[in-house]
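Okay, so here's the structure we're looking at.
The values are calculated or read from the model by the stated rules, or taken from the named source; none is laboratory data. Nothing here was measured: the structure is a model prediction, and the numbers come from that model. Cβ: placed from backbone, ideal geometry, glycine included. Neighbour counts: every protein chain shown. Note: accessible area is taken over every heavy atom of the protein model, side chains too, but ligands, DNA and RNA are not part of it. Shrake-Rupley method; radii C 1.70, N 1.55, O 1.52, S 1.80 Å.
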Amino acid sequence: MTYERYFEEKVSDLKTEGRYRTFATLSRQCGNLPKATYYGENGTSRDVTIWCSNDYLGMGQNETVLKAMKEAIDKFGAGAGGTRNISGTQKLHKDLEESLADLHKKEAALTFSSGYVANEGALSTIIRLLNNPIVFSDELNHASMIHGMKSAKCEKKIFRHNDIEHLEELLNEAPANAFKIIAFESVYSMEGDIAPIKEICDLADKYNAFTYLDEVHAVGLYGPRGGGIAERDDLLDRIDIIEGTFGKAYGVMGGFITGKASIIDAIRSYASGFIFTTALPPAVLAGCLASVEHLKTSESERDIAHENASYMKQKMKDAELPMLEGESHIAPLIVGSATCCKTLTDILLKEHNIYVQPINYPTVPRGTERMRLTATAAHTKKDIDILIDVLSNLYKQHSVLDQVSSV
């Protein structure tokens with residue numbers, strides 16, 4: 001067998017299972033979100049409505065953000081010119097990191113090229129510097145967190161999702177003098193639920209554990225200044241490291257961590273994913289800073305997004321669609337089959353100009369394939385009504401409810 005044939009068969013396996021990912025080619029329409037131009041076969045194009053965007057607040061088209069990015073390009077040029085250590089640290093890095101530290105009421109912050117790199121780099125570095133601590137990880141933690149744990153080769157205990165009793169069982173079994181890290185998320189994007197952060201912090205205090213919280217799906221969107229669920233619940237001071245992203249509610253790109261200055265400095269000094277990566281460019285930094293600062297004082301975007309999310313969830317309940325009923329803004333709609341999920345999303349795109357990406361294994365367990373729906377601040381009630389009507393009819397036509405109930 002040739003090498004080429006070997007890889008062809010691996011891709012063929014994915015297609016047979018219905019898990020082969022196809023990328024929809026889109027051009028988002030600034031000023032007209034959530035609309036985008038979809039480019040189909042034979043050079044055709046048409047307008048579609050996006051229902052799986054992470055730009056929860058529509059900040060990707062916010063005039064303040066766009067103005068800051070345009071001005072930065074003209075003033076500073078395109079790239080950073082190097083890594084943070086080799087000429088790449090801009091004053092905008094310092095300004096943004098100071099803004100983030102203020103956002104979470106922490107001593108310091110550090111920016112990364114993405115949320116994924118922030119998680120992998122920060123967690124793996126913390127683990128290595130603590131010399132093989134025991135990491136207690138929620139079973140549904142993001143792949144980037146798992147990557148960080150694996151690359152550091154630590155002892156890992158996995159607790160059932162949001163299960164406080166199971167977490168305490170595992171903590172109680174661990175040696176009292178061992179370093180311990182509890183790694184978890186605030187908003188779990190595939191389930192749409194929210195972690196019991198206070199209860200986890202109580203256990204961390206009881207068992208002298210370090211807390212690492214991923215707030216990527218919450219920063220910007222929750223809390224009076226967009227600090228996330230920990231800010232909303234007045235728990236910022238009880239979290240050792242908060243990790244976030246600019247690529248979701250802030251509408252730009254990049255990742256970050258905040259925490260004690262000594263910890264942030266250690267990560268800055270030892271994390272390979274930070275040290276050897278070209279720094280974020282000035283225009284991106286300026287856009288991130290403008291977005292963070294804007295959402296510290298503006299509530300309107302958050303209010304609209306949460307209102308739309310509540311409205312959509314109620315419409316889904318009324319239509320008896322099999323939604324996972326978490327308390328977050330995300331509405332996962334269960335399909336239960338990879339092939340059926342792909343069929344439904346293809347129909348939505350081809351016949352109804354509705355774009356939703358199917359979520360299949362390994363992102364979610366087999367048999368729980370789903371559509372992850374997000375009603376953003378850019379959607380209207382009419383958009384939501386159209387979506388739910390189409391979904392309700394499709395579920396009936398393709399007997400999806402029978403399929404879900406048998407899973």
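General remarks:
- Measuring only protein heavy atoms, the 1.4 Å probe finds His147 accessible over about 80 Å².
- Rounded accessible area of Asp47 (nearest 10 Å², 1.4 Å probe): 90 Å²
- Cα centroid separation, region 312-387 to region 40-59 (Å): 15 Å
- Highest-fluctuation residue, Ala118, Ala377, Ala78 considered, GNM on the chain with Cα pairs under 10 Å: Ala78
- When nucleic acids and ligands are ignored and a 1.4 Å probe is applied, Asp389 ends up with an accessible area of around 90 Å².
- Averaged over residues, the count of other Cβ atoms within 10 Å places the peptides 226-232, 276-282 in the sequence 226-232, 276-282, highest first.
- Subtracting the Cα-Cα distance of Ser298 and Thr89 from their residue separation scaled by 0.36 nm leaves 72.3 nm.
- Ranking Phe76, Phe256 by solvent-accessible area of protein heavy atoms (1.4 Å probe, all protein chains present), from largest to smallest, gives Phe76, Phe256.
- 3J(HN,Hα) along region 185-200, derived from phi through the Karplus expression 6.51 cos²θ - 1.76 cosθ + 1.60 where θ = phi - 60°, amounts to 10, 8, 9, 8, 5, 8, 9, x, 9, 10, 5, x, 4, 4, 5, 5 Hz, with x in place of Gly and Pro.
- Per-residue ellipticity at 222 nm computed for the chain from its helices equals -13500 deg cm²/dmol, with DSSP H segments shorter than 4 residues left out and the rest contributing -39,500 (n - 2.57).
- Long-range amide H partners of Leu57 with built H, under 5 Å: Ala377
- DSSP bridge orientation in region 200-294 - percent antiparallel, rounded to nearest 5: 60 percent
- Orientation-averaged projected area, Cα convex hull of region 21-69 (nm²): 4.3 nm²
- Ranked order, Arg302, Arg160 - accessible area, probe 1.4 Å, largest first: Arg160, Arg302
- Charge tally for Lys381 (other residues, Cβ to Cβ under 15 Å; Lys, Arg +1; Asp, Glu -1): -3.
- Computed over protein heavy atoms with a 1.4 Å probe, the accessible surface of region 1-75 works out to 68 Å² per residue.
- Karplus (6.51, -1.76, 1.60) ³J(HN,Hα), θ = phi - 60°, over region 322-327, in Hz, Gly and Pro reported as x: x, 8, 7, 8, x, 8
- Projected-area average for region 34-149 over all orientations - Cα convex hull basis, square nanometres: 12.0 nm²
- Between Ala261 and Ser399, the FRET efficiency from the beta-carbon distance, with R0 = 41 Å, is close to 0.10.
- Dividing the radius of gyration of the alpha carbons in region 93-191 by their Kirkwood radius gives 1.00 for Rg/Rh.
- Pairs of alpha carbons in region 152-263 separated by more than 24 Å make up 25% of all such pairs.
- Taking max minus min of the alpha-carbon positions on each principal axis, region 68-115 gives extents of 32, 24, 19 Å, largest first.
- With 20 Å as the limit, the listed pairs Lys157/Lys206; Lys70/Lys91; Lys317/Lys396; Lys106/Lys206 have Lys106/Lys206 beyond it between alpha carbons.
- Backbone geometry of region 275-281 corresponds, through the Karplus equation with coefficients 6.51, -1.76 and 1.60 at θ = phi - 60°, to 3J(HN,Hα) couplings of 4, 9, 10, 4, 5, 4, x Hz, x marking Gly and Pro.
- Accessible area expressed per residue, region 274-347, with surrounding protein chains retained (probe 1.4 Å, Å²): 38 Å²
- Sorted on the mean count of surrounding Cβ atoms within 10 Å across their residues, most packed first, peptides 20-30, 350-360 read 350-360, 20-30.
- Accessible carbon and sulfur surface of region 325-407 relative to its total accessible area, %, 1.4 Å: 49 percent
- q = 0.16, 0.21, 0.22, 0.24 Å⁻¹, region 278-376: log10 I(q)/I(0) [Debye, one scatterer per Cα]: -0.84, -1.03, -1.07, -1.16
- Here the mean projected area of the convex hull built on the C-alpha positions of region 220-303 is 5.9 nm².
- Computed log₁₀ I(q)/I(0) - Debye formula, equal Cα scatterers, no solvent, the chain, q 0.08, 0.13 Å⁻¹: -0.46, -1.21
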